[in-house]
1. If you go through region B:251-268 one residue at a time, do you hit one that is on the phi > 0 side of the Ramachandran plot and either in a loop (DSSP other than H, G, I, E, B) or at pLDDT 95 or above (or both)?
2. Would you check if residue B:134 is within 13 Å of chain A (Cβ to nearest Cβ), of a type in the set (A, V, I, L, M) and within 23 Å of residue A:156 (Cα to Cα)?
3. Anything in region B:137-157 that is under 14 Å from residue B:116 (Cβ atoms) and either part of a strand (DSSP E or B) or within 11 Å of chain A (Cβ to nearest Cβ) (or both)? List them, or say none.
4. Just the residues that are surrounded by fewer than 24 Cβ atoms within 10 Å (Cβ to Cβ), within 15 Å of the chain's Cα centre (by Cα) and of a type outside the set (A, V, I, L, M), please, taken from region B:239-279.
5. Restricting to region A:217-238, count the residues that are more than 23 Å from the chain's Cα centre (by Cα) and of a type in the set (A, V, I, L, M, F, W, C).
6. Among the residues of region B:175-190, is any in a loop (DSSP other than H, G, I, E, B), more than 11 Å from every other protein chain (Cβ to nearest Cβ), under 16 Å from the mean Cα position of the chain (by Cα) and farther than 27 Å from residue A:151 by Cβ?
7. Hey, among B:12, B:90, B:73, which residue is of a type outside the set (Ser, Thr, Tyr), closer than 24 Å to residue B:157 by Cβ, at pLDDT below 95 and touching a Phe, Trp or Tyr at 6+ places or on another chain (Cβ under 8 Å)?
8. When the residues of region A:58-76 are narrowed to those that are out of contact with any Asp or Glu (no Cβ under 8 Å at 6 or more places or on another chain) and touching a residue at least 60 places away in the same chain (Cβ under 8 Å), which ends up nearest to the other protein chains (Cβ to nearest Cβ)?
Protein chains: 2
Amino acid sequence: MNKFSIGVDLGGTNLRIAAVDETGHLVEKVTLGTKVSLGRDHVLNDMCEAIQRLSQKYGNSGALFGIGIGVPGIIDMQTGLLRESPNLPGWADYPVRDEIERRLNTMVILENDANVAAFGEQWLGAAKEQEDMAMLTLGTGVGGGLVLGGKIWHGMNGMAGEFGHSTVEPEGQPCGCGNRGCLEQYASATAVVRMAREAIAQNEACTLARAAHADAEFSAKSIYNLAIQGDEDARRIFRRVGRALGIVLSAMVNALNLPIYVIGGGVASAWDAFGPAIFEELRHRCMVYAATAPADPLASAAGASAHVEPGPGRKTIITRALLGSDAGLYGAARLPMIAEAKR
Amino acid sequence: MNKFSIGVDLGGTNLRIAAVDETGHLVEKVTLGTKVSLGRDHVLNDMCEAIQRLSQKYGNSGALFGIGIGVPGIIDMQTGLLRESPNLPGWADYPVRDEIERRLNTMVILENDANVAAFGEQWLGAAKEQEDMAMLTLGTGVGGGLVLGGKIWHGMNGMAGEFGHSTVEPEGQPCGCGNRGCLEQYASATAVVRMAREAIAQNEACTLARAAHADAEFSAKSIYNLAIQGDEDARRIFRRVGRALGIVLSAMVNALNLPIYVIGGGVASAWDAFGPAIFEELRHRCMVYAATAPADPLASAAGASAHVEPGPGRKTIITRALLGSDAGLYGAARLPMIAEAKR
């Protein structure tokens, strides 16, 4: 076997651990529940056990680069402390990296979960062979990651990439971050459900109301299913998702002029419902996009890995992620490989 | 004398040319009117004559690195063509760089004017000793420049840095770029005058109305003068300027987590009228700023070159530019020095 890494996706709900070799082949993947309620040490034990099992199983046939861990929250890259993580209560200011290094005696790299997802898509997914890219991850919240020159752009304190908290509506919906009208309030799964409930509360949206009543787990997915069945109220909600994304992507394209912007996360499955509104906004709002737009963005976006020509005539690609929920595992596994290469 | 460059600031109104040595000393500066109405060739002749005079005058005592030219508009960095330049009619798709290189037989580097201003401030101004910075230039429009790792970030087609066309109000004032509610529509000199005229048209703002009537050249400066004299309508306009800047800077700080963001251009002279509103917005809207804010941003912003500590506790600085209208000259002169160093 080739040399390999172990990538970890430590989410608030799932804990996933995978062995990935240096060619990007996922050798084995373990999915555990993150037993947040049993406390931090319990979760750490589960994680370390699974890592050890994988590293022993594959360690005889190829050397281990190290361990990369994607974590929801803000990480201090210098100290390896998790500074803030709403989904992992009790982990704040805990020396996660050092503790796991101590237990496993291997290099451990901690990274924000949206950053590793971006890094995964840049290595093996929609932005493969692109040195520069940005990714938006539409999940419970909206995460973001920026890869410049083939490296995750951390900014000075490791906090860069928070595109989800760009203001879309200055006097809009209050956001947990303290701002109002953040992208996250219009393009996350949470936002999709909120917008549906708002429409229902206004005595509009009969079909949505019936679905919400019948479906105990009335989710973004339920609303998407109504949208593709043609329900106009559900479709309108996804157009709002696309509009908000289009406004923020317009600013990103104008500011950064990257070759490719990738949309991932669970809500990205509703791409056909919100994608057209993104391109509508970009065409009207974004001078750099207008000057560099491919002839048919939806065609290119729907395809496999987007091929972007180098040189002055290069086009701006906005496209769906390709690796699904494994993006973060691949990206996390890539971290120690890159760190190794730098030595 | 030290080795030197010639920097050119080719504006729609002024043509300025300076010899700058490698230590950043401005040796001589020539200011000419840009006689746009006499045509492109006339302007090129004026420019090349002045460059030749300076390069001959100082060429005996130190070698010339080359010539850097800041131009308003979008430049194709590969071909040296000026692709779009509303303020220089007749220059579009003209091979400016190659023509000047041919005439003067020296390396010529063409660059967007907002990019060279950012590069000047990064070399010798408010962001001195910072590898990473962004700058907003508030003039007739709102320009932007981004310096990452000590180099101008061009993006894939040389169009990056257009922060002035980030959306502040999705349904706001139409902008020349095709979008609505761009930062440029709230934070440029043009916008300040428009907002004053809007207030006058609504039969508000008596003092502004009197000033507009009395003053043939009713300008952003006239409105600023009223603001510092305490006129509430004029003050409100500058609070709107600060609010719009705060909204866009919040997104920039969240996305890039840079150590320093510099505000320059003519409107920056009104810093005391709009600065407080910027920080008000940042404190409420920007999670990364809130986590990395200096204790008293206005104190640090009002001071000389902002000193930023390295390391995990680094603070986000938002501050005024220091080089005034010479920033672009310094930045342009710096271009051939950097190109030389790369060889």
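1. We begin by selecting, within region B:251-268, every residue on the phi > 0 side of the Ramachandran plot; these are B:257, B:265.
Still in the running and either in a loop (DSSP other than H, G, I, E, B) or at pLDDT 95 or above (or both): B:257, B:265.
The answer is yes; a qualifying residue exists.
2. Values: within 13 Å of chain A (Cβ to nearest Cβ): yes; of a type in the set (A, V, I, L, M): yes; within 23 Å of residue A:156 (Cα to Cα): yes.
When the stated conditions are applied, residue B:134 passes them.
3. Step one: of region B:137-157, the residues under 14 Å from residue B:116 (Cβ atoms) are B:137, B:139, B:143-147, B:151-154.
If the condition is that a residue be under 14 Å from residue B:116 (Cβ atoms) and either part of a strand (DSSP E or B) or within 11 Å of chain A (Cβ to nearest Cβ) (or both), then B:137, B:143, B:144, B:145, B:146, B:147, B:151, B:152, B:153, B:154 are the ones that fit.
4. Residues satisfying the conditions are B:266, B:269, B:271.
5. Counting residues in region A:217-238 that are more than 23 Å from the chain's Cα centre (by Cα) and of a type in the set (A, V, I, L, M, F, W, C) gives 4.
6. Residues of region B:175-190 that are in a loop (DSSP other than H, G, I, E, B), as a first pass: B:175-179, B:181, B:183, B:188.
Those left that are additionally more than 11 Å from every other protein chain (Cβ to nearest Cβ): B:188.
Going one step further and asking which of them are under 16 Å from the mean Cα position of the chain (by Cα), we end up with B:188.
Next, only the ones that are farther than 27 Å from residue A:151 by Cβ stay: B:188.
So far as region B:175-190 goes, yes, one or more of its residues are in a loop (DSSP other than H, G, I, E, B), more than 11 Å from every other protein chain (Cβ to nearest Cβ), under 16 Å from the mean Cα position of the chain (by Cα) and farther than 27 Å from residue A:151 by Cβ.
7. Of B:12, B:90, B:73, the one residue that is of a type outside the set (Ser, Thr, Tyr), closer than 24 Å to residue B:157 by Cβ, at pLDDT below 95 and touching a Phe, Trp or Tyr at 6+ places or on another chain (Cβ under 8 Å) is B:73.
8. We begin by selecting, within region A:58-76, every residue out of contact with any Asp or Glu (no Cβ under 8 Å at 6 or more places or on another chain); these are A:59-61, A:63-64, A:67, A:76.
This time we only want the ones that are touching a residue at least 60 places away in the same chain (Cβ under 8 Å), so: A:61, A:63-64, A:67, A:76.
On the way: A:61: 39, A:63: 31, A:64: 28, A:67: 22, A:76: 5 Å.
In this case the residue turns out to be A:76.
The values are calculated or read from the model by the stated rules, or taken from the named source; none is laboratory data. Remember, it's a predicted structure, so these values are computed and weren't measured experimentally. Quick reminder, even Gly has a Cβ in these numbers, built from the backbone with ideal geometry, and neighbours come from all protein chains shown.
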